[in-house]
Structure formats: structure tokens, C-alpha cells
Amino acid sequence: MIQDITPHVFHNEYRKDAKCRETDYIVLYQDGKFLVSTDDSAGWIVLPTAADFGDALPAQLIYLFEVDGQAFFAPLSTDSVNTSFLTGRHFVFSSLRDVRSAGFEPKTVVFALFTAYHLLEWYRSTRYCGACGGRMTPDDTERAMYCPACRRKVYPRINPAVIIGVINGDRLLLTRYRNGMMNALVAGFTEIGETFEETVAREVMEETGLRVRHIRYYKSQPWGIAADILAGYYCEVDGDDTIRMDDTELRYAEWVPRAMIELQPQPYSLTNEMMEQFKLGRIRAVEE
């Protein structure tokens, strides 16, 4: 999965005293795109460093996180950032979707962009206080935005959601969402007052009309694209296995035998790993 970057180590601890060094990465995010340099033939992606910016380095930088001691910083505002100095140095603005679909290496940089997207979208959406409308500022003690007017603190938003592998003997329920092009599994967000297991049963019923049993946890994944923390579950169909697809959300839902399962192009997602584990026979029905 995208976060599996071993032997590299990701550190997300907030460091209020972090100082940007010339070798540290600068994550410049504008209009939904990141400033990157890519080599399509070699399959590599590179971020600019503070040294690349030189005198054009933005004055106000926020510390994001680090990988193996190399920190990632970002300007909170990019309105006045000048990138003309990078002309001819192969840095361009690319969407996260383009980066994801290309399967660039190193994975540490791709994971960093996923996580930076999560944080920078949160910073963007919390510039003003939702309680009093005052201008918020980064807190000086922890990862939070602080409102000096009403003293409200807001922490990064993380949305809990589930990914569900529904098993029917030697077949797995595969789906495709209305706006999706790849095979997927049933998925959905946890509602107020609901456990993950209740979310599993409700989402499967809502999207496919199936009842399930033997609900069991598999693994979790941070998914910065949607600010999610995904919890993966397997379960078995309970009784009638007739699919009654919700065609307002899905455009495909079928029982697919192990050998016929088509995986996603990139091994980034929990969804793909769960499909692969079933395809390889490592996950089986409880009663097999």
C-alpha cells in the first residue's frame, strides 16, 4: 500500500521549532496541483528543495512531516510565490491523480504528496473560524489551527471509512463506482453513533441489497486523497446472494471468481491489497 515505505521511516510528530534547511523539500500546492519534476521514462518523481528556490523561498513556511530526517515544508499561502525561476528546470504543476496513475518512484515521495494533500487542504479550509468567523492562525504548540478571537482550536480532520470484501464461497463481490474506472470493493463512511461493524453491514445492504455475517477486521490505511482513515473488513454473504445494486452510486457489482479478479494498475490502495489477498487464496470464507 502507499504508506508501506519500509525501510524508510515516516515521522508525523509536530515540530514547532523546525527550521527549513537547504536540502529539505518544499511542497508547493496551487489550484489542486503540486510542483514536481518527473522523468516518465525512468518513472521517477522529484520535489524541489529549499536550495532550488534560493532567494525566492517563501518567508512563511509550515512544517509538515519528515521521512528519514528530511523534512517537508509548505507555504501556507502561495498567492505571491514566484516560480518563474524554475523555468527550464523541468518543474511543472501536476495533479495528484496524474502522479498516482503514473506509478512514480520513490514511493516515499508519492506517499508524502498524499499526506501533504490531506494537510494542505485542511489548512486551506480552516483559514477562518467556523464558530466566530475570525482569522485563524497555526497553533504554536501542536498541529492545530487557533482562533485568537474566541480561542477555538481545530485539529486536522480525519474521516473514518470502511472497505469491505464480501465473500461468497470462492467468489468476491467487485464493484465499480459511477465515477470510477477500476475494480473496487464496497466502501463507505461511518455515520454518527455507528461502529465500524455496523457501517460494514449498512453499506453492503445500501449498495448491493445483501446481508452479511462473520464480519472481521483485516487492516487499516491512511488515505490522504479523501482525508480518510480506512478500515478494511472481510465478511460473508448471509443467505440470498442476489445482488440488488444501487445504480445511483454503482455502475457495476458482480460476484467474481478468484482467478478472474482484475487488480488495480498500482498497488497503492487497501482495496487493491484486499482483492489481491483473496485472489491469491490467502483469504477464505470462515466456513471453508
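Every number here is computed from the coordinates shown, using simple stated rules; none is lab data. Bear in mind the structure is a predicted one, so any value in this text is a computation, not a measurement. Cβ placement follows ideal geometry from the backbone for every residue including glycine, while neighbour counts extend to all protein chains displayed.
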Report the relative contact order of the chain, percent, no decimals, based on alpha-carbon pairs under 8 angstrom and at least 6 residues apart.
17 percent
What ³J(HN,Hα) values, in whole Hz, does the Karplus curve 6.51 cos²θ - 1.76 cosθ + 1.60 give for the stretch 104-112 when θ = phi - 60°, with x put for Gly and Pro?
5, 10, x, 5, 4, 6, 5, 4, 4
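Run through every distinct alpha carbon pair of the stretch 83-181 and return the Kirkwood hydrodynamic radius in angstroms, one decimal place.
Values: mean 1/r = 0.0562 Å⁻¹.
Hydrodynamic radius (Kirkwood, Cα only) of the stretch 83-181 equals 17.8 Å.
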Extension length gain for ILE261 and ILE158 (0.36 nm per residue less Cα distance), in nm, is 34.0 nm
Cα radius of gyration and Dmax for the stretch 109-254 (Å)
19.0, 59
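Semi-axes of the equivalent ellipsoid for the chain, please: Cα gyration tensor eigenvalues, times 5, square-rooted, ordered largest first, whole Å.
Numbers: eigenvalues 305, 108, 51 Å².
Output for the chain: semi-axes of 39, 23, 16 Å.
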How high is the FRET efficiency from GLU254 to ASP40, r the C-beta distance, R0 35 Å, rounded to 0.05?
0.55
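Provide the FRET efficiency to the nearest 0.05 for the THR242-ASP170 pair, computing r from the beta carbons and using R0 = 25 Å.
The computed FRET efficiency comes out at 0.90.
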Suppose every K and R has +1 on its Cβ and every D and E has -1 on its Cβ; what is the size of the dipole of the chain about the Cα centre, in Debye to the nearest 20?
600 debye
Take every DSSP beta bridge with both residues inside the chain and express the antiparallel ones as a percent of the total, to the nearest 5.
80 percent
Radius of gyration and Dmax over the Cα atoms of the stretch 10-125, both given in Å
13.3, 39
Sort out for me the Cα centre separation of the stretch 120-179 from the stretch 187-261, rounded to whole Å.
21 Å
Dipole-positive endmost among SER220, ILE167, GLN266 within the stretch 159-279 (Cβ charges, Cα centre)
GLN266
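What number, in percent, do you get for the relative contact order of the stretch 10-125 if the mean sequence gap of Cα pairs under 8 Å and at least 6 apart is divided by its residue count?
Across the stretch 10-125, relative contact order equals 32 percent.
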